[in-house]
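Heads up: the structure comes next, in structure tokens.
Each value in this text was obtained by applying a stated rule to the coordinates, not by laboratory testing. Bear in mind that the values here come from a model prediction, so they are computed numbers and not experimental data. Because the Cβ atoms are built from the backbone with ideal geometry, glycine has one as well, and the counts that use them run over all protein chains shown.
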Amino acid sequence: MILEIIKYGHPVLRERGVRVKEITPEIKQLIADMFETMYDSKGVGLAAQQVGAALQLTVIDVRGVTDRPSALDVNGQPAEVDGHMPLVLINPKIIPLGERVAGPEGCLSFPEIFADIIRPEQVDVKALNARGEPISFRASGLLARAVQHEVDHLNGVLFIDRMNAKDKEELRAEIDDLHTATKKSLVKKK
């Protein structure tokens, strides 16, 4: 089922997600719905907060993105990225590594708003997969950026928080308009 993507201005986007204690049928359904929603919106990642659930759960799939390559190491060995997609990260822990580099980012909770964000170029990841099994890997390129972006969401951090002051000021009107429209829609729903 395609879920509503929560837009900037909704308080759930600022909530730190609670740890997922077990993989219940409801969690499995949420994962399936999150993938369907992400694919429908042409995204590469989606955090539970973006569909209104403050949980430590995100889905990622960078297959098909050819202009921004990804790399993956599993157990210290290079691995085929497409062979590990789609990716479910439950209760992820990350260690950013490497040089900090700027790269373009957008967010499904901020339609049509894009900016270059500076992030470490690599990240070590430990999490549980959709079956509740431990996984670990090192990612770089777009996959590293997507992991960091989504883990930020799980902690209530938004990509606008990482924008430089100049870009944020240039986008101020669009960001404020989105925030205002979301707040108005929440009042109407009550």
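Here the dipole of the chain is about 700 debye; that uses its Cα centre as origin and unit charges on the Cβ of Lys and Arg (positive) and Asp and Glu (negative). Residue order for His10, His149, fewest other beta carbons within 10 angstrom first, comes to His10, His149.
For the residues Asn155, Asn129, Asn164, a GNM of the chain with alpha-carbon springs under 10 Å puts the largest fluctuation on Asn164.
Near Phe159, once Lys and Arg are set to +1 and Asp and Glu to -1 for all other residues with Cβ below 14 Å from its Cβ, the sum equals -2. For region 123-165, trypsin sites (Lys or Arg not before Pro) meeting the loop criterion (DSSP other than H, G, I, E, B) and having at most 13 other Cβ atoms within 10 Å: Arg131. Return a whole-number percent for the relative contact order of the chain, with Cα pairs under 8 Å and 6 or more residues apart as the contact set. Relative contact order here is 26 percent. Put simply, the amide H of Phe110, placed in the peptide plane, has no neighbours under 5 Å, leaving out anything fewer than 5 places away on its chain. Here the Gaussian network model covers the chain, with springs between Cα atoms less than 10 Å apart; of Asp82, Asp67, Asp177, Asp67 fluctuates the most. Phi angles across region 135-152 convert, under the Karplus curve 6.51 cos²θ - 1.76 cosθ + 1.60 with θ = phi - 60°, into 3J(HN,Hα) values of 10, 8, 6, 10, 10, 9, x, 4, 4, 4, 5, 5, 4, 5, 4, 6, 5, 4 Hz, Gly and Pro given as x.
When the P(r) of region 1-152 is calculated, the portion above 25 Å amounts to 23% of the C-alpha pairs. Given a cut-off of 29 Å, name the pairs among Lys21/Lys188; Lys42/Lys183; Lys126/Lys188 whose C-alpha atoms lie farther apart than that in the structure shown. Result: Lys21/Lys188; Lys126/Lys188 exceed 29 Å. Projecting the Cα atoms of His153, Leu171, Val44 onto the charge dipole of the chain, computed from C-beta unit charges around the Cα centre, puts His153 farthest toward the positive end. Here is how the number arises for the chain: DSSP H runs of 4 or more residues each give -39500 (n - 2.57), the sum is divided by the residue count, and the result at 222 nm is -9000 deg cm²/dmol.
Under 5 Å between amide hydrogens, built in the peptide plane, is the criterion, and for Ala71 it picks out Ser140, Gly141, Leu142, Leu143, Ala144 among residues at least 5 positions away or on other chains. Within the chain, the longest run free of exposed loop sites, counting GluC sites (Glu not before Pro) that sit outside DSSP helix and strand states (H, G, I, E, B) and have at most 12 other Cβ atoms within 10 Å, spans 81-190. Amide H contacts under 5 Å for Ala115: Glu105, restricted to partners 5 or more places along the chain or on a different chain, H placed in the peptide plane at 1.01 Å from N.
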